[in-house]
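Inspection log for the structure reproduced underneath, given as structure tokens.
The values are calculated or read from the model by the stated rules, or taken from the named source; none is laboratory data. Owing to the predicted nature of the structure, the values given are computational and were not obtained by experimental measurement. Cβ atoms come from the backbone with ideal geometry, glycine included; neighbour counts cover every protein chain shown.
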Amino acid sequence: MPTGADSASSAPPPVLRPPPIVFNGRRWPSDELAAIAAGWLDYLHASIPRTAGLTAMLMSNHPHAVALFFALSSLSLPVVIFPADARAWRSSPSLPAGTPVFVPPGRSALVAAGTAAGLSTFALPDERPAGAAGAVWFLACPGFVNFTSGSTGLPKPVYIATRSFLVQTAAVIEAGRLAPGAPVVGSLQLSTHYGLGQALILSTVLGSPLGLLERFDHRSLLRLLATGSYAYWAATPSMADVLARAPLPAPRPDAPAICHISAGRLSARTFHAFAERFGVTLRPSYGQTENGFITVDTAAPAQVRSDRVGQPAPGIEVRIGDDPLDPHPAGRLGRVWFKSPWYMEGYGFPPNLALPGGPDGWRPTADVGSLDEAGYLALAGRADDCFKTAQGHLVNPSLIADALASHPGVTDVVVIPARSPSGPVIGAMVESARAIDAHELRTAAARALPPWLQPEIVVVTRRLPRLAGGKADRAACHALLL
């Protein structure tokens, strides 16, 4: 199996090395991770069939998984990145039969689970010779496959070229005004596009330390922040909310200066509480697995707002309407379209890819929103989440979710149709860390919403069911409302 450096089909890749990692109180130097990656290459060469068109790995937030990622990235084959969560291993389409799936050492249970799921899994050896990392070009493979969240069906594989990840990373650096060496916090799962691009690859390009959490936990994050001055954190609204409410150690750790918040609704309460506690303004952003970074709010802190997700990132264009060639004027709701220099190569596993069409390079999203006169995007929900009730009223779930999320103690809301003898009615699953009476929530919704948008069924839970990437699992929520 040739390395990426031996491939004649691509230009010489940039010279990049694994970032130094801070993990569970230990620092893993860049040279150590690079040597581990290089030391595994002989095993990888021996295990990958000559006829293979892909390689794959089970990714987790651990330095060994990072080393495996960089080892595979030095080969000339695309790399499929599966999460360690077995729920996400079934995709549409399925991974081609016989594709080798590598598992970092110490994860033997995943090998057995992968084999049971029909994957050709190989465990990396615990004993590994230190390789000559200086002779290896990392991030030299053609591209990577991540997966959509699976919120509307089986996860779909999304193939994005390595060069596109690097162009996107340059835009993140420009938008955040990040200096070389600026330390990065990695609390998102590296198996997701968001975590891979805005934590691991970002810190690699910056040549900066990556503070890596095995899984998000506010205590672990606060301990990490107490060890040094971190500059950048990409997170979800629920992560920011927990950090804004959790007890703080003394002295209070500093939050990263730049916090990009995406993959969900950022409430005004969390936005203001975080700023009051840490003196840092959360910056709403917007993206999708097929592209990653699309918009972010880069305004002066006093001008940032929680009810919009910023302006297009450097190199991105955004339009609203049924047809992007005839866009809606400012302030009018419609489908969100965008143009991007780092869009995916297509759905599927290369070389069998399907790329959705769009006029003149414009890409449709499933989201509905509006642009203001200054080009700031405000989202109003997903077109495919809207539904009609038994009375014939069209429901935009985001309006109801916003009303319920404004209640003290509510951290997340999922609004979905629930069954009733007369037909679909409005149901809501509400996540709250404290006990809240469902009647109290319905009363609050009645004050904020017209009668036809008031939820008839409200269920309060301490934690919503979630998909591997962290999004609320709407299908599981629907089952709980039955």
Which of the residues belonging to segment 328-341 are touching a Ser or Thr at 6+ places or on another chain (Cβ under 9 Å) and either in a loop (DSSP other than H, G, I, E, B) or within 16 Å of Tyr159 (Cβ to Cβ) (or both)? His328, Ala330, Gly331, Arg332, Leu333, Ser340, Pro341
Assess whether Gly228 counts as being touching a strand residue (DSSP E or B) at 6+ places or on another chain (Cβ under 8 Å), of a type outside the set (Ser, Thr, Tyr) and either buried (at least 18 other Cβ atoms within 10 Å of the Cβ) or in a helix (DSSP H, G or I) (or both). no
Conditions: (1) in contact with a Gly (Cβ under 9 Å, 6 or more places away or on another chain); (2) assigned to a loop (DSSP other than H, G, I, E, B). Ser238 meets all but one. Number of the miss? (2)
Name the residue that is nearest to the chain's Cα centre (by Cα), counting only residues in segment 284-307 that are within 30 Å of Tyr347 (Cα to Cα) and of a type in the set (A, V, I, L, M, F, W, C). Phe293
Among (1) loosely packed, with under 14 Cβ neighbours inside 10 Å; (2) assigned to a loop (DSSP other than H, G, I, E, B); (3) small (Gly, Ala, Ser), there is one condition Ala479 misses while meeting the rest; what is its number? (2)
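Determine, yes or no, whether Gly310 is at positive phi, modelled with pLDDT of 95 or more and of a type outside the set (D, E, K, R). Full working, then the answer.
Numbers: at positive phi: yes; modelled with pLDDT of 95 or more: yes; of a type outside the set (D, E, K, R): yes.
Considered against the rule, which asks whether it is at positive phi, modelled with pLDDT of 95 or more and of a type outside the set (D, E, K, R), Gly310 comes out as yes.
What residue, of Ala313, Ala244, Ala263, is over 29 Å from His407 (Cβ atoms), under 21 Å from the mean Cα position of the chain (by Cα) and small (Gly, Ala, Ser)? I'd like the intermediate steps shown before the answer.
Details: Ala244 fails: over 29 Å from His407 (Cβ atoms); Ala263 fails: over 29 Å from His407 (Cβ atoms).
Ala313 is the lone residue from the list that is over 29 Å from His407 (Cβ atoms), under 21 Å from the mean Cα position of the chain (by Cα) and small (Gly, Ala, Ser).
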Report, by residue number, each residue of segment 316-327 that is over 20 Å from the mean Cα position of the chain (by Cα), on the phi < 0 side of the Ramachandran plot and not in a strand (DSSP E or B). Asp322, Asp323, Pro324, Leu325, Asp326, Pro327
Which is touching a Leu at 6+ places or on another chain (Cβ under 6 Å), surrounded by fewer than 21 Cβ atoms within 10 Å (Cβ to Cβ) and of a type in the set (S, T, N, Q), of Ser220, Ser187? Ser220
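From the list Pro451, Pro455, which one is buried (at least 17 other Cβ atoms within 10 Å of the Cβ), over 30 Å from Gln189 (Cα atoms) and not hydrophobic (A, V, I, L, M, F, W, C)? Even if it seems obvious, please write down each step before you answer.
Numbers: Pro451 fails: buried (at least 17 other Cβ atoms within 10 Å of the Cβ).
The match here is Pro455.
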Checked against (1) in contact with a helix residue (DSSP H, G or I) (Cβ under 7 Å, 6 or more places away or on another chain); (2) at pLDDT below 90; (3) polar (S, T, N, Q), Ser76 satisfies every condition except (2)
Tell me which of these His260 doesn't satisfy, since it passes every other one: (1) at pLDDT 95 or above; (2) closer than 23 Å to Leu196 by Cβ; (3) out of contact with any Ser or Thr (no Cβ under 6 Å at 6 or more places or on another chain). (3)
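Listed here are the residues, each with its yes/no results for (1) at pLDDT 80 or above; (2) farther than 18 Å from Ala86 by Cα; (3) acidic (Asp, Glu).
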{"position": "Asp126", "(1), (2), (3)": "no, yes, yes"}
{"position": "Ala130", "(1), (2), (3)": "no, yes, no"}
{"position": "Ser151", "(1), (2), (3)": "no, no, no"}
{"position": "Ile160", "(1), (2), (3)": "yes, yes, no"}
{"position": "Ser164", "(1), (2), (3)": "yes, yes, no"}
{"position": "Val167", "(1), (2), (3)": "yes, yes, no"}
{"position": "Ala175", "(1), (2), (3)": "yes, yes, no"}
Report the residue count in segment 304-315 for those that are out of contact with any strand residue (DSSP E or B) (no Cβ under 8 Å at 6 or more places or on another chain) and not in a loop (DSSP other than H, G, I, E, B). 0
What is the residue count in segment 280-303 for residues that are touching a residue at least 24 places away in the same chain (Cβ under 8 Å) and part of a loop (DSSP other than H, G, I, E, B)? 6
When segment 75-99 is examined, which residues are found to be over 19 Å from the mean Cα position of the chain (by Cα) and under 19 Å from Ile36 (Cβ atoms)? Leu75
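Matching residues to (1) modelled with pLDDT under 95; (2) assigned by TED's automatic domain parsing to the domain that holds Pro350; (3) surrounded by fewer than 22 Cβ atoms within 10 Å (Cβ to Cβ):
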position	(1), (2), (3)
Thr55	no, yes, no
Leu72	no, yes, no
Phe82	yes, yes, no
Ser92	yes, yes, yes
Ser108	yes, yes, yes
Can you find a residue that is touching a strand residue (DSSP E or B) at 6+ places or on another chain (Cβ under 7 Å), assigned to a strand (DSSP E or B), assigned by TED's automatic domain parsing to the domain that holds Ile160 and of a type in the set (Gly, Ala, Ser) anywhere in segment 342-352? yes
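Does Ala378 satisfy the condition of being in contact with a helix residue (DSSP H, G or I) (Cβ under 9 Å, 6 or more places away or on another chain) and of a type in the set (A, V, I, L, M)? Even if it seems obvious, please write down each step before you answer.
Details: in contact with a helix residue (DSSP H, G or I) (Cβ under 9 Å, 6 or more places away or on another chain): no; of a type in the set (A, V, I, L, M): yes.
No: the conditions fail for Ala378.
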